[in-house]
Amino acid sequence: MRPPNGATAVARVTAGVTMSHVPAIGAASDLGKAGDGYWQPLFAGFEFSRRWIAQRKPDVIFLVYNDHATAFDLNLIPTFAIGCGDEYEIADEGWGPRPVPKVVGAPDLAWYIRQAVIQEDFDLTAVSNVAVDHGLTVPLTLMFDRPDAWPVLVVPFAVNVIVYPPPSARRCFELGKAIRRAIDSFEADLDVQVWGTGGMSHQLQGPRAGFINQEFDARFLDALVEDPEHLCQLSLLDYMRQAGSEGVELVMWLIMRGALNDQVTELHRHYHVPASNTAVGHLILENR
Ligand code: DHB
Ligand code: FE
């Protein structure tokens, strides 16, 4: 909503988007295989989303993601790290950096959110010069395909879901609310979307490697829209038992949901199994 004439414009959260970040999706796009039989049904579920975001033209994506021992490792494990830099290089995850544009930041907004959210009792680590891996670039590819430059500024927000324990679902949900309050009070005329990425059910390791739970994923998608409070009551072990050890990435979707109104409209849903080892889920939610 725009303020009346003469009033100071403030930023506003207009929508929340979730999607999985399977690295093979990035490789499929980079290698021109998005239309192949295996990948076509997955990418088809993002055609609506690409048209929608081209019309909505958000200024900034507050992009909640997890790093996979790329920028952070056992030497440094921030639970929550907010990207306050001017730009972010694309990580080399073993096959060279993905051939996608560099990610341009929104440092004024990021520093502002940092100070506001820390004063609401959440400890954020400020980072600037970090490389971003598939956790951040694959969601951008799914929504924007292959542009010469990403058409948005990005505030990367990294959550530790790699080294036990990740933050609880409830803490993520409450953090999302604090982030929303901060964005809503930032004095600039900015349309901001909050994305929650990672998930859905998958397990890459141990005796249950390959585990996928479609019933849990369906319940999670419904509850994220209608009853996120229920998802806050699940423990980390509940998430790992039901969604797999890497499925715990789903707690990041609660940050997105906390940044939206209690009531939201589900504009779009896509669910596809399998993509590599993972069940891919995708939602577009608008504030009601
Ligand atoms: C896969 C999924 C992930 O979330 C990830 O970080 C790496 C690999 C997979 O399904 O292959
Ligand atoms: Fe992952």
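Every number in this text was worked out from the coordinates using simple rules, so none of it is lab data. Predicted model, so just to flag it, every value in this text is computed and none were measured. Please note: Cβ atoms are built from the backbone with ideal geometry, for glycine as well, and neighbour counts cover all protein chains shown.
Worth a mention:
- Lys/Arg +1, Asp/Glu -1 at C-beta; the chain dipole; positive extreme among C172, V132, M143: M143
- Which of Q242, T278, P207, positive extreme of dipole for segment 175-288 (C-beta unit charges): P207
- Cross-link partners of K102 among lysines, defined as those whose alpha carbon lies under 25 angstrom from its own and excluding same-chain residues fewer than eight positions apart: K33, K57.
- Sorted by Cβ density within 10 Å, fewest first, the residues F157, F80: F80, F157
- Residue-span extension gain [Q233 to Q119] - 0.36 nm each, minus C-alpha spacing: 38.5 nm
- Protection-proxy order for peptides 121-127, 262-268, 243-249, 216-222, each taking the mean of Cβ atoms within 10 Å per residue, highest first: 243-249, 216-222, 121-127, 262-268
- What the phi angles of segment 143-149 give under the Karplus curve with 6.51, -1.76 and 1.60, with θ = phi - 60°, is a coupling list of 8, 10, 6, 10, x, 5, 9 Hz, glycine and proline written as x.
- For segment 232-241, Karplus couplings with θ = phi - 60° (6.51, -1.76, 1.60), whole Hz, Gly/Pro x: 5, 7, 7, 7, 4, 5, 4, 4, 5, 5
- Net charge dipole size for segment 182-288 [Lys, Arg +1 and Asp, Glu -1 on Cβ; Debye, nearest 20]: 560
- Max mean-square fluctuation residue, GNM over the chain, Cα-Cα springs under 10 Å, options A223, A182, A15: A223
- Computed from phi, the 3J(HN,Hα) profile of segment 93-103 under the Karplus parametrisation 6.51, -1.76, 1.60 (θ = phi - 60°) reads 9, x, 10, x, x, 4, x, 10, x, 5, 9 Hz, with x in place of Gly and Pro.
- Mean ellipticity per residue at 222 nm, deg cm²/dmol - from DSSP H runs of n ≥ 4 across the chain, formula -39500 (n - 2.57): -9500 deg cm²/dmol
- The value of relative contact order for the chain, using C-alpha pairs under 8 Å at least six residues apart, is 30 percent.
- Debye, to nearest 20: dipole size of segment 1-84, +1 on Lys, Arg Cβ, -1 on Asp, Glu Cβ: 520
- The magnitude of the dipole of the chain, with charges of +1 and -1 set on the Cβ of Lys/Arg and Asp/Glu and taken from the Cα centre, is near 420 debye.
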